[in-house]
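Read through the structure below, which is laid out as structure tokens, and then see the notes.
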Amino acid sequence: MVVSRVLGVALRQYYLIRGSLTRIIPLFVWVAIDIVLWGFITQYLNSFTGQRSNFVPMILGAVLLWGFLVRVMQGTTMAFMEDSWSRNFLNLFATPMTITEYVTGLVLASIASSMVGLFVMFALAVTVFGLSFFAYGMLIIPFLLVLFLFGIAIGIFGCALMLRLGPSAEWFVWPIPALLSPFACVFYPLSTLPVWMQYVSFLIPPTYVFEGLRAIVAGQPVADGTLLWGIGLAVLYILLACWFFTRVYRHAVRTGLIARYSAESAS
């Protein structure tokens, strides 16, 4: 792997964002709206419970963590979409760049964009609504790690779908976080779900994060191995997503699809 090629993929995204206000604003506006909306909802709920319970660390913390995962996933797919919309694939892969270098560059671009969103969400949640991350302790780091790894996995999977089916397949990619959220138990315990949904939830890494988050807020210890399962599953999904992307890329090269890549390419 040549580092300069990886940095080149990420640097292209930086130049695109730097020169466009329409690309800069979405980095923080939507996450800010989510935090403000849910922040006022938690304050409203707290007005009914008084001092008995505080919904801020439970609900607003869950919104922040889930928003971080979504930003990581979108950071990867948006970088891919920029190449898709500009029909830039043939130019990229006519160079010595490997598929590993390209995907790593997408991940690097996602790290940069998701950090912007995380900082904005963190600043608003702490300064406006009094969310304290000291309540979570050092476990906030593995929480973010699991969500980051899983966000990268579904981002790479989404890129593979668009490469295989064409740019119009982005409409299959955007709903992925929404489809996963009921199984991820973002706002409610795992025990709330029907049994068949619980089986699916056990296979989704964020479930372990949000179950651990609620345990900490309730003053209970996080079960041993919970986060290890989450990290292990997230790494497994990254490997599977990279394998899937590689298979799709080889198919696109072998069939010539990458040369005629367009909004109509779905064969």
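Values for this structure:
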| quantity | calculated |
| --- | --- |
| Charge dipole (segment 3-255, unit charges on Cβ, about Cα centre) - positive-most of 229, 76, 138 | 76 |
| Relative contact order (%) - criterion: Cα under 8 Å, at least six apart; region: segment 23-86 | 29 percent |
| Taking 150, 133 and counting other C-beta atoms within 10 Å, the order from fewest to most | 133, 150 |
| In Hz, Karplus ³J(HN,Hα) per residue of segment 163-177 (6.51, -1.76, 1.60; θ = phi - 60°; x = Gly, Pro) | 5, 7, 9, x, x, 5, 6, 4, 6, 7, 8, 4, x, 3, x |
| Relative contact order, percent, the chain [alpha-carbon distance under 8 Å, six or more residues apart] | 24 percent |
| Charge context of residue 85, other residues only, Cβ under 14 angstrom, K/R +1, D/E -1 | 0 |
| Extended-chain gain in nm, criterion 0.36 nm per residue less alpha-carbon gap, residue 171 and residue 1 | 58.0 nm |
| Size of electric dipole in the chain: Cβ of Lys, Arg +1 and of Asp, Glu -1, about Cα centre, debye, nearest 20 | 460 debye |
| Nonlocal amide H pairs with residue 131, under 5 Å, H built at 1.01 Å | 126 |
| Label-point gap, in nm, between residue 119 and residue 139 - each point 7 angstrom along Cα→Cβ | 2.9 nm |
| Highest to lowest packing among 207-215, 163-171, scored as the average C-beta count within 10 Å | 207-215, 163-171 |
| Two-site label geometry, residue 41 and residue 220: point separation in nm, points 7 Å out along Cα→Cβ | 2.3 nm |
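Computed from the coordinates by the stated procedures, all read-outs in this text should not be read as laboratory data. Not measured: the values here are computed from a predicted model. Virtual Cβ from ideal backbone geometry, glycine too; neighbours counted across all protein chains shown.
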